1. Mind telling me which of the residues Ile133, Ile184 ends up being β-branched (Val, Ile, Thr), touching a residue at least 60 places away in the same chain (Cβ under 8 Å) and crowded, with 22+ Cβ neighbours inside 10 Å?
2. Would you point out which residue out of Ile184, Ile241 is at pLDDT 95 or above, touching a Lys or Arg at 6+ places or on another chain (Cβ under 6 Å) and part of a strand (DSSP E or B)?
3. Give just the number: which of (1) under 24 Å from Met30 (Cα atoms); (2) at pLDDT below 95; (3) in contact with a helix residue (DSSP H, G or I) (Cβ under 7 Å, 6 or more places away or on another chain) does Ala210 not satisfy?
4. Kindly list the number of the only condition in (1) free of Cβ contacts under 8 Å to residues at least 24 places away in the same chain; (2) assigned to a helix (DSSP H, G or I) that fails for Thr204.
5. For the structure I just gave you, tell me whether Val211 is buried (at least 20 other Cβ atoms within 10 Å of the Cβ), in contact with a Leu (Cβ under 6 Å, 6 or more places away or on another chain) and farther than 26 Å from His34 by Cα.
6. Restricting attention to region 213-229, which residues are modelled with pLDDT under 85 and either out of contact with any strand residue (DSSP E or B) (no Cβ under 7 Å at 6 or more places or on another chain) or not small (Gly, Ala, Ser) (or both)?
7. Looking only at region 217-238, count every residue that is within 18 Å of Trp142 (Cβ to Cβ), touching a helix residue (DSSP H, G or I) at 6+ places or on another chain (Cβ under 7 Å) and in a strand (DSSP E or B) and tell me the total.
Amino acid sequence: MGSHATPTAAYWSFFETFNRKDPVGWSGAMSYPHVRVSAALPPPQGGSSDPRTPSFLYPTPDDYVAGVSTAGWGRFEATGWVRTQGVTPRVVHQSETKVHLAGGWTRYRADDSPIISNRVLYVLTRTETGWGIQARFGVDGWSRDGNFQAQGEAAVEAAEELGSLLNDRAYAQLADRMMYPFTIVEVGNVRRIDSQEQQITDSTTRELGAVSGTTRVVSAGQRGVNVAWTLVEQGVQREEIIFLILRDGEWKLAAASAMP
């Protein structure tokens with residue numbers, strides 16, 4: 001369970017324990033339940049991840065350790081991997097119990113040549129034991145020399161359309177623009193909505209608030225974009241990250257995390 005003194009301590013522990021190939025230590029960088037949502041294309045039929053979106057939920061540290069121990073580090077070492085270097089994180093939103101960090105990593109070979117890079121939005125939460133990573137939204141398809149301005153602009157446009165649907169209480173249309181399971185990250189909890197019908201019921205019951213102000217890109221890749229927007233609920237303004245994934249030519253809402 002996440003037990004770090006600060007959000008950045010948990011973030012750097014994530015990479016330090018990964019490089020040590022220490023599954024127990026690596027699990028200790030997280031808060032639970034822990035979820036990873038990725039814009040990577042789904043695996044072939046019969047693969048280990050959800051067929052609709054590569055989304056992995058780990059209810060407990062033991063579940064995380066079991067998953068890591070089964071997969072091991074062999075698949076990374078087969079590419080020549082010897083270490084992963086995290087990028088210096090940037091605070092996007094923060095509160096006393098939740099922080100959104102824009103970060104990422106590059107995997108390296110022994111000769112310091114890069115293998116692959118990614119940009120990730122990390123949701124860190126403070127529970128009774130300390131800070132840990134509750135969720136990771138990985139844009140994937142990112143490269144140092146890539147230009148993803150077009151993807152970012154398209155995702156922002158999609159986010160603004162979603163905001164209009166939310167403001168109009170067009171919950172059925174909104175549900176049609178989402179990926180399932182849809183992931184909602186809370187402090188010490190992860191909620192997953194499995195169907196359009198469930199999403200419509202959830203939206204109607206909660207009477208979701210209006211989106212206000214401008215949207216902006218936090219991180220973008222070939223198939224995934226993290227967007228920040230401002231949400232006003234019952235007169236209270238709060239900041240939120242929404243994660244959009246490109247599927248079949250359309251940007252769909254896959255996950256969200258709001259400041260408490």
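The values are calculated or read from the model by the stated rules, or taken from the named source; none is laboratory data. Because the structure is a prediction, the values reported are computed rather than measured. So basically every Cβ, Gly included, is an ideal-geometry build from the backbone, and we count neighbours across all protein chains shown.
1. Ile133
2. Only one candidate qualifies: Ile184.
3. (1)
4. Unmet condition: (1).
5. Yes.
6. Thr214, the sole residue that qualifies.
7. Selection size over region 217-238: 4.
Yes or no, residue by residue, for (1) within 29 Å of Arg177 (Cβ to Cβ); (2) at pLDDT 95 or above; (3) assigned by TED's automatic domain parsing to the domain that holds Glu240; (4) surrounded by 14 or more Cβ atoms within 10 Å (Cβ to Cβ):
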position: Phe15; (1), (2), (3), (4): no, yes, no, yes
position: Lys21; (1), (2), (3), (4): no, yes, no, no
position: Val24; (1), (2), (3), (4): no, yes, no, no
position: Gln45; (1), (2), (3), (4): yes, no, no, no
position: Ser48; (1), (2), (3), (4): yes, no, no, no
position: Phe56; (1), (2), (3), (4): yes, no, no, yes
position: Thr70; (1), (2), (3), (4): no, no, no, no
position: Gln94; (1), (2), (3), (4): yes, yes, no, yes
position: His100; (1), (2), (3), (4): yes, yes, no, yes
